[in-house]
Amino acid sequence: DTEVTQTPKHLVMGMTNKKSLKCEQHMGHRAMYWYKQKAKKPPELMFVYSYEKLSINESVPSRFSPECPNSSLLNLHLHALQPEDSALYLCASSQRGQGVEVRTYEQYFGPGTRLTVT
Amino acid sequence: KQEVTQIPAALSVPEGENLVLNCSFTDSAIYNLQWFRQDPGKGLTSLLLIQSSQREQTSGRLNASLDKSSGRSTLYIAASQPGDSATYLCAVGDSGGYQKVTFGTGTKLQVIP
């Protein structure tokens, strides 16, 4: 199973709402990522979790709050978003190897959540 | 800061043609390079991954090469088909332990039947 699932597929929320995006993988990967992608632009890295610990935060505003409750699950909590936060939010995972020989870090992506902030 | 550029930004070719997509990166200290395709409004599908120690990888009609010293990678697609129409993205993984990835600007490919 090389699948990364994301829910919901689409989300419309107001600027005062609180919502969460969910990402799940069962490939035993120990690194998980959140990306934001605006129309006609490449994905931009937001957060990286490695072994359920936040490893990289690319200066993302605090209205985005990531959470990694276990090795298979990654959440992105949203609060007080702005219309410019409307985008496709992509989750990915990769294997963090145990030795120099094993470290491929090939990233597998989910289908994304299309977020619209009104 | 790593910068990744893809040329051309868009490409339209007749079915059956062989084609080459280009990816350039500014910092040669990379760990790996991955090629993806993305259909409109969809997630990314991994096509090929090349480790920094490798020169090329092949999968079916796809061949990707890597020249780290010159900061370049190419994706060769043989005998293109309409189903190959998509946006192709290269992504450079840095040598850090947490795999920070920088994506290229993308090439939008249209294969005309």
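Per residue, the convex hull around the alpha carbon atoms of chain B comes to 95 Å³.
Ranking A:37, B:4, B:111 by Cα position along the charge dipole of the protein assembly as shown, where only Lys, Arg, Asp and Glu carry charges on their C-beta atoms, puts A:37 farthest toward the positive end. Here the 3J(HN,Hα) profile of the range B:101-110, calculated from phi with Karplus coefficients 6.51, -1.76 and 1.60 at θ = phi - 60°, is 10, 10, 8, x, 6, x, 10, 8, 9, 10 Hz, Gly and Pro shown as x.
Rank the residues A:77, A:10 as a footprinting-exposure proxy: fewest other Cβ atoms within 10 Å of their Cβ go first.
The fewest-first ordering by Cβ neighbours comes to A:10, A:77.
Around the amide H of residue A:116, modelled in the peptide plane, lie the amide H atoms of A:11, A:12, A:13, all under 5 Å away and 5 or more residues distant in sequence or on another chain. Prolate is the label for chain A, because a/c, from the alpha-carbon gyration tensor with a ≥ b ≥ c as root eigenvalues, is 1.5 or above and a/b exceeds b/c.
Return the FRET efficiency for the residue pair residue B:20, residue A:54: r is the Cβ-Cβ distance, R0 is 41 Å, and the value is rounded to the nearest 0.05.
Values: r = 39 Å, r/R0 = 0.95.
Efficiency for this residue pair is about 0.55.
Charged side chains reduced to their Cβ positions (Lys and Arg at +1, Asp and Glu at -1) give the range A:12-118 a dipole of some 220 debye around its Cα centre.
Counting other Cβ atoms within 10 Å, which trypsin sites (Lys or Arg not before Pro) in the range B:53-92 have at most 12 and lie in a DSSP loop?
Working: sites: B:55, B:61, B:68, B:72; in loops: B:55, B:61, B:68.
Taking the range B:53-92 and a limit of 12 other Cβ atoms within 10 Å, the loop trypsin sites (Lys or Arg not before Pro) found are B:55.
For residue B:1, the aspartates and glutamates whose Cα comes closer than 16 Å to its Cα, not counting residues fewer than 8 places off in the same chain, are A:44, A:58, B:27, B:94.
For the range B:7-75, give the magnitude of the charge dipole about the Cα centre (Cβ charges: +1 Lys/Arg, -1 Asp/Glu; no others), in debye to the nearest 20. Provide the component values of the computation, followed by the final result.
Values: 6 positive and 6 negative charges, 28 e Å.
Result for the range B:7-75 is approximately 140 debye, rounded to the nearest 20.
Take the Cβ atoms of residue B:79 and residue B:29, set R0 to 25 Å, and the FRET efficiency comes out at 0.10. The mean count of C-beta atoms from other chains within 10 Å of the C-beta of residues in B:40-51, rounded to a whole number, is 5.
Bear in mind these aren't lab numbers, they're just calculated from the coordinates by the rules spelled out. Keep in mind the model is a prediction, meaning the values are calculated, not measured. Reconstructed Cβ throughout: ideal geometry from the backbone, glycine too, with neighbour counts over all protein chains shown.
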